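The values are calculated or read from the model by the stated rules, or taken from the named source; none is laboratory data. These numbers were taken from a predicted model, which means no experiment stands behind them. All Cβ positions, even for glycine, are placed from backbone atoms using ideal geometry, and neighbour counts span all protein chains on display.
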Amino acid sequence: MEKHVIWRGILAGALAGVFAFVWSKIFIEPIVGRAVDFENGATAAHEALESHGAGSGHGHSHGDVELFTRAVQSTVGMGLGVLAFSVAMGALFAVVFCVVYSRTSNVTARMLSVLVAAAMLISLWVVPALKYPPTPPGTSLDDTIKERTLLYLLMVGLSALLMVAAVYLGNQLAPKLGAWNATLAAAGGYIVAVAVVMLVLPTVDDTPGPVKDDAGTIVFPGFPAVDLYEFRLYALGTQVIIWTTIGIVGAALLSRLLDVQREEQLTS
């Protein structure tokens, strides 16, 4: 049974990847293009200051050579990246679904699919992004990329663990408080625990500001706040598309596979 569930999760993830790529190509790629232009402009400004002995050398390294052109990165590269991520998330969804489904008997596969997808969207992306929001490629400072990446992965791991703990708590409280009150208590516990984690973990501000000379005069502006806001908004839209598709498609496919089997087992 697990293999059938996983293959259906992968199929749902692949379909989600197609939808997410179309969304990303239309809304996110133009912002990425402007971010690349910003990086090139900021690099040129730093080089100009350094050539006059006024630069501090901070910012992005500019000795890298692109292995692929922007045209390839914005089409094939983006498409493969989004598809691979979505398929991986579909497979992970299927594994989590199998674990939860084997431990529940009063929830249909259709409803469980939607609930699992929603929980994974919240714990794996929404909550971590509240603490460490995404930034367009080329706009993160070189000396904070590693720290930010490690902190973000730590936030994802802690958020996922706290979500599992909240689900466990809800199941333990359900016989005493009822399903609704137990769910509220578990959700409240998750929110409080996440808030504590966010307060404990350090904040990283890696959005580059304007380039200034020694006199403090701005020679190149900082990254536009509107582009940063829109990138984060559209990145959220991408994740919503991925997890909504996985949840809905998974609900349709898994309901056919499992709900009928469960009904037959209950009536036999």
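Name the single residue, out of those in the stretch 168-182 being small (Gly, Ala, Ser) and part of a helix (DSSP H, G or I), that is surrounded by the most Cβ atoms within 10 Å (Cβ to Cβ).
Keep residues of the stretch 168-182 that are small (Gly, Ala, Ser), which gives 170, 174, 178-179, 182.
Cutting the leftovers down to part of a helix (DSSP H, G or I) gives us 170, 174, 179, 182.
Numbers: Gly170: 20, Ala174: 17, Ala179: 13, Ala182: 18.
It comes out as Gly170.
Let's see how each residue does on (1) in contact (Cβ under 8 Å) with a residue 60 or more places away in the chain; (2) closer than 22 Å to Gly17 by Cβ:
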| site | (1), (2) |
| --- | --- |
| Gly81 | no, yes |
| Phe85 | yes, yes |
| Gly90 | yes, yes |
| Tyr101 | yes, no |
| Asn106 | no, no |
| Ser123 | no, yes |
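Residue-wise test of (1) at positive phi; (2) assigned to a loop (DSSP other than H, G, I, E, B); (3) within 11 Å of the chain's Cα centre (by Cα).
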residue: Phe97; (1), (2), (3): no, no, no
residue: Val100; (1), (2), (3): no, no, no
residue: Thr104; (1), (2), (3): no, yes, no
residue: Val107; (1), (2), (3): no, yes, no
residue: Ser113; (1), (2), (3): no, no, no
residue: Ala119; (1), (2), (3): no, no, no
residue: Leu124; (1), (2), (3): no, no, yes
residue: Ala129; (1), (2), (3): no, no, yes
residue: Pro133; (1), (2), (3): no, yes, yes
The one condition Ala84 fails out of (1) modelled with pLDDT under 95; (2) exposed (fewer than 15 other Cβ atoms within 10 Å of the Cβ) is (1)
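Per-residue answers, yes or no, for (1) in contact with a strand residue (DSSP E or B) (Cβ under 7 Å, 6 or more places away or on another chain); (2) without any contact (Cβ under 8 Å) to a residue 40 or more places away in the chain; (3) surrounded by fewer than 20 Cβ atoms within 10 Å (Cβ to Cβ); (4) not aromatic (Phe, Trp, Tyr):
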| residue | (1), (2), (3), (4) |
| --- | --- |
| Leu11 | no, no, yes, yes |
| Val18 | no, no, yes, yes |
| Ser24 | no, no, no, yes |
| Phe27 | no, no, yes, no |
| Asp37 | no, yes, yes, yes |
| Glu50 | no, yes, yes, yes |
